[in-house]
Amino acid sequence: MPSDRIMLGLGLRLLAILMLSTMGALIKLVETRGAHLVEIMLFRQLFAIPFILAWVAAGAGLASLRTRHFGMHVTRSAVGLTGMVFNFGAVLLLPLAEATTFGFTVPIFATLLGALVLKEPTGWHRWGAVLAGFVGVLIVTQPGSGHIPLGGALVGLIAALFVAIVAIQLRQMARTEAPPTTVFWFSILSVPPLAIGYLFVAAPHDWQTFALLVAIGLVGGAAQLALTAALRFAPVSVVVPMDYSSLIWATLYGYLLFGALPSPWTWVGAPIIIASGLYIVWRERQRGLARSSPVTAADEPPTGA
């Protein structure tokens, strides 16, 4: 693969992570202005749809959205919405840097689920990485110290678990469904239940708050496109390390918008979690090379579920 295409893939991935970090900051900011979690989720899904439709129209065409596996999309949407509750909830309950750090445990949960649910062979190398990752989590949370809310930490870990579950779902769905089809149906199917929930929590806002809500959807939709486009130019194992740049953006947004900086324990634990995740990715890459089967977009952990 030409190096210039790989560099383009890396650049797109970095751009996607910046936009996702921006979305997280907007979520936390709009909550301080009185927006409800259900309301935030509705705007995130609703205003991402134009980006998705434009993406599909420019590619395979709208006819490609037909599916013979509607029930599978319904299940994926239910799990994805549940995961989004925990993902957004972690952002609301925790400082941005800590919420981001817990998100780095996705490869750890993916390894656990792969071994326990899919019965994938998992050697002591990756089990060691899983153990190291959870040691990093304990360092960040400092249980019993009151350092960060344990409820928020639990929500953050459950969010990462659901992202891993969705990743397994997408891997299975990729046998019959193209990525644009899956993304489209998740967005469309999630809007009606969120709209019903919105009827019970709707509240008046000023125009700036509504503008922030719309921006969450637009930025999130654009990030989804950038994530997908990055995989057209570079393999998953090459672009995944770029995801850890989100800790830089989360720290910057946390300080500039909310006057919050990560604790020293976060800076100690986060590198351990990051290193365990990167090692798991590297081991999976080695196993993939041994099997001579390339890693595909279906193996990509879906950011934000």
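Every number here is computed from the coordinates shown, using simple stated rules; none is lab data. Owing to the predicted nature of the structure, the values given are computational and were not obtained by experimental measurement. So basically every Cβ, Gly included, is an ideal-geometry build from the backbone, and we count neighbours across all protein chains shown.
Below are the figures for this structure:
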{"read-out": "Filtered trypsin sites (Lys or Arg not before Pro), the stretch 24-115: DSSP coil and at most 14 other beta carbons within 10 Å", "value": "ARG33, ARG66, ARG68"}
{"read-out": "Peptides 120-132, 93-105 ordered by average Cβ neighbours within 10 Å, highest first", "value": "93-105, 120-132"}
{"read-out": "Rounded if a/c under 1.5, otherwise prolate or oblate - the stretch 52-122, Cα gyration tensor axes", "value": "oblate"}
{"read-out": "Under the span-like rule (Cα at least 24 Å along the axis, Kyte-Doolittle mean at least 0.0), DSSP H helices of the chain", "value": "3-31, 70-93, 124-141, 150-173, 179-201, 207-233, 264-291"}
{"read-out": "The chain - mean residue ellipticity at 222 nm from DSSP helices (-39,500 (n - 2.57) per run, n ≥ 4, rounded to 500)", "value": "-25500 deg cm²/dmol"}
